[in-house]
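This report refers to the structure that appears directly beneath it.
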Amino acid sequence: MPWFGAIEEFSDAKNTSKTKRDDDPDQEVLPRVIEKTVLPKITGFVKNVWDPLSTSQTKNLVQLCKNVLEKQVLSKTECSRAKEDLMNTVVLRMKKSVEEDVFIPLYPKSIVEDKSSLCSKFQERRFWSAVKLLSNVLLWDGIVQEDTVRDLGLSKLLNRYLLLNLLNTPPGPDNIEKCNKVVACLPERWFQSLKSGSTLPELQNFCQHLLRCARTLHKNNHSNETKEVLLLLVKVKALHIVEDFIEEHKLEHLKSMIGK
């Protein structure tokens, strides 16, 4: 908006002149305006308007927060109360959505094996809705504290809800598609510093599910699908599991996927 551009130009927030001192109060005009007016407005939208189940709304909100918070840099000794309120409101809204919007019914396998049945279709819709929420929650990585994002996305959504459905889906194309989507949601940054061959603690149960699927598929001579599942384990850096599986079943031709 014009007023924002005018203040930004006045405070020279983008290109600080070398002649200006670090403690020049003009440098804090824009951050303080954002603190007093913009952040409370966004917090109100988060609390009363934002739907965490909407991917378009979440992407727009995440990008808005990134843009605004980049400019909202206060002096090192000062903590932004408005930013803290905004982040707390985002987390509370996501927690509420996880608790109230996620429901994946469990029906007997004999009922859901019929893909055309109403029960099966309802269960599938609820599963994919929860996956959508998982994806939206993980979009906040890098803005909301990582521990909080991992707790909401992995400990609560994945381990408490999605995994139950995956365990009740027979190994095969449907299960692989679901697991593929879950892995696609995970920020790559989380796995860059993992060097021990083990994945994140919150993904241990998910990896054990993938291992069981790989064993069943290999036993039934579905080699391509077995490789797909092993590649998912590689993506989440569960390299020890993949290496042991390759050794156990003498699949030397697959060693290249773990860099051997």
(request) For LYS96, list the aspartates and glutamates whose Cα falls under 12 Å from its own Cα; do not include residues on the same chain fewer than 8 positions away. (result) ASP51
(message) For PHE103, what accessible surface area do you get with a 1.4 Å probe? Give it in Å², rounded to 10.
(response) 110 Å²
(request) Report ³J(HN,Hα) in whole Hz for each residue of region 125-136, in order, from the Karplus equation J = 6.51 cos²θ - 1.76 cosθ + 1.60 where θ = phi - 60°; Gly and Pro get x. (result) 4, 5, 5, 5, 5, 5, 5, 4, 5, 4, 4, 5
(message) Can you work out the Karplus-derived ³J(HN,Hα) for every residue in region 235-248? Use 6.51 cos²θ - 1.76 cosθ + 1.60 with θ = phi - 60°, whole Hz, and x for glycine or proline.
(response) 4, 9, 6, 8, 5, 4, 5, 5, 4, 5, 5, 4, 5, 4
(message) Explain nothing, just compute: Karplus ³J(HN,Hα) = 6.51 cos²θ - 1.76 cosθ + 1.60, θ = phi - 60°, for every residue of region 204-212 in order, whole Hz, x for Gly and Pro.
(response) 4, 5, 5, 5, 5, 5, 4, 5, 4
(request) Give the peptides 164-177, 227-240, 190-203 in descending order of average Cβ contacts within 10 Å, highest first. (result) 227-240, 164-177, 190-203
(request) Determine the sum of side-chain charges near PHE127: Lys and Arg each +1, Asp and Glu each -1, restricted to other residues whose C-beta is under 12 angstrom from that of PHE127. (result) +3
(request) Eight or more residues apart or on different chains, and alpha-carbon atoms under 12 Å: count the Lys pairs in region 102-259 matching that. (result) 4
(message) From the helices alone, meaning DSSP H stretches of at least four residues, give me the mean residue ellipticity at 222 nm for the chain, per-run term -39500 (n - 2.57), in deg cm²/dmol to the nearest 500.
(response) -18000 deg cm²/dmol
(message) Using only Cα atoms and rounding to the nearest 10 degrees, what angle (0 to 90) does helix 2-11 make with the longest principal axis of the chain?
(response) 70 degrees
(message) Just to confirm a number: summing +1 for Lys and Arg and -1 for Asp and Glu over residues other than ASN165 whose beta-carbon lies under 13 angstrom from that of ASN165, what do you get?
(response) +3
(request) Assign one of three labels to region 175-236, namely rounded, prolate or oblate, based on the Cα gyration tensor with a ≥ b ≥ c the square roots of its eigenvalues; rounded applies when a/c is under 1.5, prolate when it is not and a/b is larger than b/c, and oblate otherwise. (result) prolate
(message) Can you classify region 102-259 as rounded, prolate or oblate using the Cα gyration tensor, where a ≥ b ≥ c are the square roots of its eigenvalues, rounded means a/c under 1.5, and otherwise it's prolate if a/b beats b/c and oblate if not?
(response) oblate
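The values are calculated or read from the model by the stated rules, or taken from the named source; none is laboratory data. Since the model is a prediction, treat every value here as computed from it, not as a measurement. Quick reminder, even Gly has a Cβ in these numbers, built from the backbone with ideal geometry, and neighbours come from all protein chains shown. SASA here: full protein model, heavy atoms, side chains in, ligands and nucleic acids out. Shrake-Rupley method; radii C 1.70, N 1.55, O 1.52, S 1.80 Å.
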